[in-house]
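What follows is one structure encoded as structure tokens, with my remarks underneath.
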Amino acid sequence: MRIEEQKVLTALPGVGVDLKPGASLAEITYLGIGGTTDLLRLKRHESIPHVVKLLEAHGIPFKFLGGGSNLLVVDGELPWVAMQLAQADPDVVIEGNFATVDAAADLGRTVTLCAKRDLGGMEGLIGVPGTVGGALRMNAGAYGIQIGSYVREVKVYRGATRVIEILKGDQISFEYRHTSFAPDDMMLAVKLELPSKSFREILQGIRICNEKRRASQPLGQKSAGCIFKNPPGASAGRMIDELGLKGLSVGDARVSDRHANFFVNAGKASAKDMLTLIGDVRECVRKAYGFELENEVVVWNA
Ligand code: EPU
């Protein structure tokens, strides 16, 4: 979608927005799939309510984009604009055992910066791609840890009330790949409380997780990580593998040969290819095991 209203175009810089017209979301998402739209880079948290008001007043629909690492976007000209936080500087501020982190900060870099200040706990998250905001919204986890365990405060723009709020950790529920945030809430910043550990010990933990990840996941390929959530007591990857579906393809969308819950874009896969593959695999698992697999990947349909 292109913003054509001159009034909006003129007002955007005043509310801290850099406009990237006709951005290709295929170039932003880790799956390398997605159509084009105007991308609004938000440089000031505090002006987000004004930006939203401006867009709503002109009937311009919008969606909040994180790092694009767990996202499947439809193809073509998209019927909404995308808003994304611009990089903050500094984006990680450490005081004692607390790290205050901007939502646009890279998760892996945050884990490393905290480690250098002898703050651990998040070793398992080192290889999870994307931003801290995205990890927070999904309660990202790996190797027995989830980011939610360390959250003490969240600064969030609330879609329902259109105001920025500071929530305490205990006002938010963090479950397996799910939080109590609404789809139209936008994560702005988080305060984490992390246990003290020596850098050397943290590094050791990071190395072990990296090795496990390298051995089991298709890291060099375009993917959105795991496509499905694991159903309680079962492993989506193992079931898909047991059904012999590794390598199954629709166009260039393909079930990874390395990890069956990773679907990769092996070339020029379209969103339709990927969605068809997701539907086909879900159907096979339902028939064979009786589990209705739920998407872990977030899908932006038109
Ligand atoms: N397995 C197979 N074949 C496969 C894949 C897995 O047999 O193709 C088996 C493994 O051998 C293992 C079991 O299934 O016995 C579980 O596999 P794995 O340890 O890889 O973990 P997972 O449950 O598939 C989860 C998370 C990952 C996270 C890893 C490591 C979900 C949906 N996935 O994967 O997170 O990195 O554990 O902690 O919760 C993601 O969220 O996108 C993601 C990749």
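The values are calculated or read from the model by the stated rules, or taken from the named source; none is laboratory data. Not measured: the values here are computed from a predicted model. Positions of Cβ are backbone-derived with ideal geometry, glycine not excepted, and every protein chain shown enters the neighbour counts.
Key figures
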{"quantity": "The range 42-59, residues that are of a type outside the set (Asp, Glu), surrounded by fewer than 18 Cβ atoms within 10 Å (Cβ to Cβ) and closer than 20 Å to Trp300 by Cβ", "calculated": "Gly59"}
{"quantity": "The range 210-229 residues that are free of Cβ contacts under 8 Å to residues at least 60 places away in the same chain and closer than 20 Å to Gly134 by Cβ, paired with ones that are near the ligand (Cβ under 7 Å from one of its atoms) and part of a helix (DSSP H, G or I) (beta carbon under 9 Å, 6 or more apart)", "calculated": "none"}
{"quantity": "Index of the failed condition, Glu165 passing every other in (1) in contact with a strand residue (DSSP E or B) (Cβ under 6 Å, 6 or more places away or on another chain); (2) charged (D, E, K, R); (3) under 29 Å from Gln6 (Cβ atoms); (4) free of Cβ contacts under 8 Å to residues at least 60 places away in the same chain", "calculated": "(3)"}
{"quantity": "Residue count for the range 230-258, restricted to those that are in contact (Cβ under 8 Å) with a residue 40 or more places away in the chain, more than 8 Å from the ligand (Cβ to nearest atom) and of a type in the set (A, V, I, L, M, F, W, C)", "calculated": "3"}
{"quantity": "Among residues of the range 259-302, those that are of a type in the set (Phe, Trp, Tyr) and over 13 Å from Met239 (Cβ atoms), counted", "calculated": "3"}
{"quantity": "Residue match in the range 215-229 (condition: away from the ligand (no atom under 13 Å from the Cβ), outside any strand (DSSP E or B), among the aliphatic types (A, V, I, L, M) and over 24 Å from Glu175 (Cα atoms))", "calculated": "no"}
{"quantity": "Single residue of Asp91, Asp106 found to be over 11 Å from the mean Cα position of the chain (by Cα) and modelled with pLDDT of 95 or more", "calculated": "Asp91"}
{"quantity": "Residue within the range 182-190 that is under 14 Å from the mean Cα position of the chain (by Cα), exposed (fewer than 13 other Cβ atoms within 10 Å of the Cβ), away from the ligand (no atom under 16 Å from the Cβ) and not in a helix (DSSP H, G or I) present", "calculated": "yes"}
{"quantity": "Hits in the range 73-101 (condition: in contact with a Gly (Cβ under 8 Å, 6 or more places away or on another chain) and within 17 Å of Gly134 (Cβ to Cβ))", "calculated": "Val73, Gln84, Leu85"}
{"quantity": "Matching residues, the range 89-119, being of a type outside the set (D, E, K, R), free of Cβ contacts under 8 Å to residues at least 60 places away in the same chain and assigned to a loop (DSSP other than H, G, I, E, B)", "calculated": "Pro90, Gly96, Ala104, Ala105"}
{"quantity": "Residue in the range 259-268 that is among the aromatic types (Phe, Trp, Tyr) and touching a Pro at 6+ places or on another chain (Cβ under 8 Å) present", "calculated": "yes"}
{"quantity": "Some residue of the range 259-278 being within 13 Å of the ligand (Cβ to nearest atom), at positive phi and touching an Asp or Glu at 6+ places or on another chain (Cβ under 8 Å)", "calculated": "no"}
{"quantity": "Qualifying residue in the range 195-211 (condition: within 13 Å of the ligand (Cβ to nearest atom), at positive phi and surrounded by 13 or more Cβ atoms within 10 Å (Cβ to Cβ))", "calculated": "no"}
{"quantity": "Candidates Ile145, Ile172 - the one that is of a type outside the set (Ser, Thr, Tyr), free of Cβ contacts under 8 Å to residues at least 60 places away in the same chain and away from the ligand (no atom under 16 Å from the Cβ)", "calculated": "Ile172"}
{"quantity": "Out of Gly59, Gly32, sole residue that is assigned to a loop (DSSP other than H, G, I, E, B), at pLDDT 95 or above, more than 16 Å from the ligand (Cβ to nearest atom) and within 17 Å of the chain's Cα centre (by Cα)", "calculated": "Gly32"}
{"quantity": "Long-range neighbours under 6 Å by Cβ, at least six apart or interchain, first residue touching a residue at least 24 places away in the same chain (Cβ under 8 Å) within the range 49-62, second of a type in the set (D, E, K, R) and part of a loop (DSSP other than H, G, I, E, B)", "calculated": "Pro49/Arg162; His58/Glu5"}
